[in-house]
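The values are calculated or read from the model by the stated rules, or taken from the named source; none is laboratory data. Predicted, not measured: the structure shown is a model, and the values here were computed from it. Positions of Cβ are backbone-derived with ideal geometry, glycine not excepted, and every protein chain shown enters the neighbour counts. Just so you know, the surface numbers come from the protein's heavy atoms only, side chains and all, with ligands and any DNA or RNA stripped out. Shrake-Rupley method; radii C 1.70, N 1.55, O 1.52, S 1.80 Å.
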Amino acid sequence: MATPPEKTGPENARLEQIKRSWQQKRQITDRLADVQTKIGIYSGKGGVGKTTVSVNLAVTLAKEGKKVGLLDVDIDCPNVTKVLGISDKPDYVDGQIIPAEKWGVKVVSMAFFQEKEEEAIIWRGPMIHNAINQFLQVTQWGELDYLLVDLPPGTSDSPLTVMQTLPMDGFVVVSTPQELANIDAKRCINMIRKLNLNVLGVVENYAGEIFGEGAGKDLAEDVDAPFLGSMALRASYRDSSKPTALADPDVGEEYITLADGMRKSLKEFGRAAA
């Protein structure tokens, strides 16, 4: 019998890379075995209030009695902890990150690992990729009904890493009434669909007299996705003592509507929703 040819150096390297990637995905899947539903909160551009939506949706679900985790993988500009008003850092036990908790939400963010809040995180793509994978591999979330993931904006390496690594049930896309925001939102919706993932719906943030309203609904119709609601630009968002959905009943109602629409969309995609 002929001896099979030996693998060349480049072939061995590719095989090792495939093996490592498979092992990483297996570890992440095992780590998230007790998480029922994983939702990405995503936007085409920064500054549309994606983190505000992530936090207020998380506390709304927690107020309903759901077990909720919030993972901030916006590595460059991690702001979840600021919006939540959380200062207690996660514990690190036996090589595992035990999330911090506030308002009934378990939280992990790159902000916990910065020495100074204003410090710039100047990392190239591979370092961001490795940081996101580490968060996913070593965080012990325990049992959760929902894990919300606050993604970086745009269609570059960071959100792509999450989409290809974390088995997501769907994405909520945040936009605003401005034309440019909706152009970029359409781009990120196209990215989600090119990866054969689910767009659960569109949220229009900052709606009202100043910026206008209705463009988010038009966008949802244009891309054939559910419209999950408008979040009005309100003075109550100035109060940083607690997430606005817990402080202002009108905002709370908006987020209840968003949560209900998200669950309806999940069920239409055949995904479980608590």
ask   = If we restrict to alpha carbons, what Rg and Dmax does the stretch 60-155 come to, in Å?
value = 13.2, 39
ask   = If you roll a 1.4 Å probe over the heavy atoms of the protein chains, what accessible area per residue do you get for the chain, in Å²?
value = 51 Å²
When each of Lys38/Lys82; Lys67/Lys89; Lys25/Lys67; Lys194/Lys267; Lys25/Lys63; Lys50/Lys264 is checked by Cα-Cα distance, pairs over 30 Å = Lys25/Lys63
message = For Cα extents along the principal axes in Å, pick the label among (1) 60, 43, 33; (2) 78, 43, 37; (3) 50, 48, 35 that corresponds to the value derived from the coordinates.
response = (2)
query = Which whole-Hz couplings ³J(HN,Hα) result when phi for each residue of the stretch 196-204 is put into the Karplus expression 6.51 cos²θ - 1.76 cosθ + 1.60, θ = phi - 60°, listed in order with x for Gly and Pro?
reply = 6, 10, 9, 8, 6, x, 10, 10, 9
task = Compute the long axis of helix 179-194 from its Cα atoms, compare it with the longest principal axis of the Cα atoms of the chain, and write down the angle in degrees, 0 to 90, nearest 10.
result = 40 degrees
inquiry  = Show me the ranking of peptides 87-98, 225-236, 150-161, 185-196 by mean Cβ neighbours inside 10 Å, starting with the highest.
reply    = 150-161, 225-236, 185-196, 87-98
ask   = Percent of accessible area on the chain owned by carbon and sulfur, 1.4 Å probe?
value = 49 percent
request  = Would you be so kind as to identify which of Gly85, Val174, Ala215 lies farthest towards the positive end of the dipole of the chain, taking Lys and Arg as +1 and Asp and Glu as -1 on Cβ and the Cα centre as origin?
outcome  = Val174
remark   = When the charge dipole of the chain is computed with +1 on Lys and Arg Cβ and -1 on Asp and Glu Cβ about the Cα centre, the Cα farthest towards its positive end, among Ser54, Phe112, Ala33, belongs to Ala33
message = Taking 8 Å as the Cα distance limit and 6 or more residues as the minimum spacing, I'd like the relative contact order of the stretch 63-174 as a percentage.
response = 37 percent
request  = Return the Cα extents of the stretch 3-122 along principal axes one, two and three, sorted largest first, each rounded to a whole Å.
outcome  = 65, 34, 34
With Cα atoms, 0 to 90° folded angle of helix 50-63 axis to the chain main axis = 80 degrees
